[in-house]
Each structure stands twice: as structure tokens, then as C-alpha cells.
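Novice: I am attaching a structure below and will ask some questions about it afterwards.
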Amino acid sequence: MAEHRERFPVVVHVCLERDGRVALLKRANTGFMDGYYALPGGHQEQGESVSATAKRELQEELGVTARLISPACVLPYRSGRHQGINFLFSCSEWDGEPVINEPELFAELVWVAPDALPEPTADWIPPALALAKTGGWYQEMVWD
């Protein structure tokens, strides 16, 4: 008899960096954290590498093609009934000009300093950006 295993999502986010600022998207009509600012990103698809997910999400959400992308940190999370793994990548070189490429899902694109994030920003982003800045690679996140 095969053992039943729970499946947890792998979510990949990208910190698109320009002139000391990062790109955040204000979520809308997604059904999850609408109204919050978040980094571009989304779920890994079957058969896709984590870095390929990061590149795909940048293309889908901001219309840019990453030239240089680097892993920043790994953030396993638990929040209520949700549990999974967040991967954060950094990208400072890309082709194209970032725009809201999915206006049905995002209401605003802002460029902000990491120490001056708009409200409300997803809870995990400030500690993730701080961790990546210090060269840390792993932090478990738990919210009730």
C-alpha cells in the first residue's frame, strides 16, 4: 500500500533590483492577499526548474527577460492551513522595461527602497529582503 503524502507548493519570487530599489506589485483579483504589495512570482509548474520558474514569472508578470538571476534565500512557511516553500531570487540585469503585464491580477507596480516598503506589504517580504541582504540563505516563516 502506497503511503499518502501531502503536497506543498513551491513558490518562486524575484527581487528585481534597480538603483537600490525593488519592484513590487499590488495584488488584485487573485483571491489571495489582494490589496497587498508582493514581489513578482508564482508557483513552480510540473517539470520546471526553480530558476526557470523565476524567469517565467518575471516574463509573465512584468514582461521582462532575465539576463542574470541569482538564488537569494529559501523560506519554508506555515500559515494557518497553508504550508510550502518560498524561493527568492535576485535579478539586476534584464531585457525590456518592467510593466504590469497581467493587469487582471495586479493594480500597481512600484519601485521602492527595501527599507521603505509600502503598506500593506506581504509579511514575509521584509525579513526575506533583510536575510538576502546579509547573505543568509534560510529562514523558516510561521504565521497564525
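Novice: Of the residues Asn86, Asn101, which is surrounded by 15 or more Cβ atoms within 10 Å (Cβ to Cβ), of a type in the set (S, T, N, Q) and assigned to a strand (DSSP E or B)?
Specialist: Asn86
Novice: If we keep just the residues of the stretch 23-41 that are under 14 Å from the mean Cα position of the chain (by Cα) and on the phi > 0 side of the Ramachandran plot, which is least open to solvent (accessible area, probe 1.4 Å)?
Specialist: The residue in question is Gly41.
Novice: I've got another one for you. Assess whether Ser49 counts as being open to solvent by 30 Å² or more (accessible area, probe 1.4 Å), of a type in the set (Ser, Thr, Tyr) and without any contact (Cβ under 8 Å) to a residue 24 or more places away in the chain.
Specialist: Answer is yes for this residue.
Novice: List the pairs whose first member sits in the stretch 69-82 and is loosely packed, with under 14 Cβ neighbours inside 10 Å, whose second member is modelled with pLDDT under 95 and assigned to a strand (DSSP E or B), and whose Cβ atoms are under 8 Å apart, counting only residues at least 6 apart or on separate chains?
Specialist: Sorted first by the residue in the stretch 69-82, then by its partner, the pairs are Ser79/Met141; Ser79/Val142; Ser79/Trp143; Gly80/Trp143.
Novice: Still on this model: Among (1) of a type in the set (Ser, Thr, Tyr); (2) within 16 Å of the chain's Cα centre (by Cα); (3) under 23 Å from Val142 (Cβ atoms), where does Ser92 come up short?
Specialist: Just one mismatch for Ser92, condition (3).
Novice: Can you tell which of Glu60, Glu17 is touching a residue at least 24 places away in the same chain (Cβ under 8 Å), in contact with an Asp or Glu (Cβ under 8 Å, 6 or more places away or on another chain), open to solvent by 20 Å² or more (accessible area, probe 1.4 Å) and not in a loop (DSSP other than H, G, I, E, B)?
Specialist: Only one candidate qualifies: Glu60.
Novice: Now a separate question. Take the stretch 116-129 and flag every residue that is surrounded by 14 or more Cβ atoms within 10 Å (Cβ to Cβ) and either of a type outside the set (Ser, Thr, Tyr) or out of contact with any strand residue (DSSP E or B) (no Cβ under 6 Å at 6 or more places or on another chain) (or both).
Specialist: Leu117, Ala122, Asp123, Trp124, Ile125, Pro127, Ala128, Leu129, listed by residue number.
The values are calculated or read from the model by the stated rules, or taken from the named source; none is laboratory data. Owing to the predicted nature of the structure, the values given are computational and were not obtained by experimental measurement. Ideal geometry is used to build each Cβ from the backbone, glycine not excepted, and the neighbour counts take in all protein chains shown. Areas reflect the complete protein model, heavy atoms only, side chains present, ligands, DNA and RNA absent. Shrake-Rupley method; radii C 1.70, N 1.55, O 1.52, S 1.80 Å.
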